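The values are calculated or read from the model by the stated rules, or taken from the named source; none is laboratory data. Keep in mind that what you see is a predicted model, and the values were worked out from it rather than measured. When we count neighbours, we look across all protein chains shown, and the Cβ atoms used for this are built from the backbone with ideal geometry, even at glycine. Remember, those area values only see protein heavy atoms, side chains included, never the ligands or the DNA or RNA. Shrake-Rupley method; radii C 1.70, N 1.55, O 1.52, S 1.80 Å.
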Amino acid sequence: MTGASAHRIVIVGGGAGGLPLATELGDRYGRKGAVHVTLVDRNATHLWKPLLHEVAAGRMDADSHDLDYPALAHWHGFRFAQGELAGLDRARREITLEAVQSIDGEEILPRRTMGYDTLIICVGSVSNDFGIPGVARHAISLDMRDDAERFHRRLLAACVRADSRAAAGAAAEVKIVIIGAGATGVELAAEIRQTTRAHAGYGLEHLDPARNIRITLLEAAPRILPPLSERLASAALDLLRRLDVAVHTSQRVTSVDAGGVHTTAGTFFKADLVVWAAGIMAPAVLRTLDGLEVNRANQLVVGPTLQTTRDQSIFSFGDCAAAPWLGRPAQAILPPRAQVAHQQATLLAKSMRSRLAGRPLPEFHFRDFGSLVSLGELSAVGTLMGRLIGGSMLIQGLIARLMYASLYKMHQVSIHGVLRVAFDTLGRLVRERLEPRVKLH
Ligand SMILES: Cc1cc2nc3c(=O)[nH]c(=O)nc-3n(C[C@H](O)[C@H](O)[C@H](O)COP(=O)(O)OP(=O)(O)OC[C@H]3O[C@@H](n4cnc5c(N)ncnc54)[C@H](O)[C@@H]3O)c2cc1C
């Protein structure tokens, strides 16, 4: 097949799952012309989502980690089209992409349609505020790079203001309340504690980070990290206490206002900055896709081959798909994790080979390698799962932290290959000696 008869695979969403998939399919088919692989994303650049809490706290400069989709497309033989998925016509096998505008509001690309033979939707997730009053207005959610950077700017401004108050002899507290003690909330709390300590070394002379920067973590469930094991949660709680993070469980938030956070227990937590990290759902556009089945969290319902229930030419995976967790009780669906999206991308790369050859498609079986929760630069806690160790094993400290860092390296390797990642890592190690340890603007 060449030219007009080429099979068109369109992947919508270039995140933790979609980008490795486009890369692998582009490497395999791109230059031969028999299959056209197109990646669509609303943004022009990719930043691995699990890095957002590090960007928010200021330990990472997003600019030095984001990747240009057009350049990746050029290197790996796929096409890139910028635009937000806005609609689907299944009979015509066409998606609609929203117009793209510059930051000044000028139209760069018009609203347009794009044809496909196989469509793969992997648009991730967004925060779910469950309609709680004030969250959308007064709290920041870490959905995108812009959110993380906005939080970081506000954190810096609050610290500088507090430092100048302290210099004048006035009270100088910065109160940060994080709602939701899942992995994102816990990791953000630990990260902020460590980066604000580092910031204090760069000119905030009157602020005592341990005393003046108050970090509070609120959780509606009776314990932190509800989906993870009790052992892991209690190890993480211990580390949070050592980092002076105040943890309040069984605190269901009822509203957020300009002054702080109210809970059902009638408690008011005063806050200068509020982060919402208490739930996610798939993007609302998935509800409007020409009758494709969705669940209550807007996720596209897919079967074991990751094909949507009502259209075998459309696949979905990652956070935006409700995929069955084979081997678990019926109704169990896979959790929204990068590990899941990554393994599903690997399966779909194989599935496309089978689909093009007219063979039956493989089913997705998740191999759970465990969970890791980062608690700052030098520590993490986690469980390792494996048959060799006969179940799960708790790991902590530097080893766990190195394993956590290796998750990102694996993502990079799936895009760039081992050699490039090795050089990149070396370059970063050298640069880190020449730059401040935290982002100061
Ligand atoms: C702060 C934080 C820390 C995390 N830490 C971990 C961790 O340690 N381990 C772990 O396993 N998981 C972690 N996660 C979860 C992990 O990030 C997600 O499970 C993973 O990114 C899901 O991959 P995905 O490909 O489904 O979606 P994403 O990686 O979110 O990618 C979705 C892509 O779709 C694009 N997109 C969205 N809507 C549209 C649209 N309408 N049209 C076109 N493009 C669109 C986005 O721009 C994005 O590029 C973390 C999440 C957060 C927020």
Taking region 335-369, which residues are more than 10 Å from the ligand (Cβ to nearest atom) and either open to solvent by less than 30 Å² (accessible area, probe 1.4 Å) or of a type in the set (Val, Ile, Thr) (or both)? Thr346, Leu347, Leu348, Ala349, Ser351, Met352, Ser354, Phe364, Phe366
Which numbered condition Ser64 misses (of (1) closer than 29 Å to Arg193 by Cβ; (2) more than 24 Å from the chain's Cα centre (by Cα)): (2)
Can you name the helices (runs of 4 or more DSSP H) wholly within region 1-111 that have at least 2 residues being more than 10 Å from the ligand (Cβ to nearest atom)? 18-29, 69-76
Restricting to region 239-277, count the residues that are in a loop (DSSP other than H, G, I, E, B) and either within 12 Å of Val177 (Cα to Cα) or of a type in the set (Lys, Arg) (or both). 5
Taking region 143-153 as the search range and keeping residues that are buried (at least 22 other Cβ atoms within 10 Å of the Cβ) and within 12 Å of the ligand (Cβ to nearest atom), which one is farthest from Gly279 (Cα to Cα)? Phe151
Single unsatisfied condition, Lys270 versus (1) touching a residue at least 40 places away in the same chain (Cβ under 8 Å); (2) more than 16 Å from the ligand (Cβ to nearest atom); (3) open to solvent by 40 Å² or more (accessible area, probe 1.4 Å); (4) over 30 Å from Thr254 (Cα atoms): (4)
Considering residues that are surrounded by 13 or more Cβ atoms within 10 Å (Cβ to Cβ), under 27 Å from the mean Cα position of the chain (by Cα), at negative phi and not aliphatic (A, V, I, L, M), the number found within region 117-141 is 9
Does Glu187 satisfy the condition of being within 20 Å of Ala57 (Cα to Cα) and surrounded by fewer than 19 Cβ atoms within 10 Å (Cβ to Cβ)? no
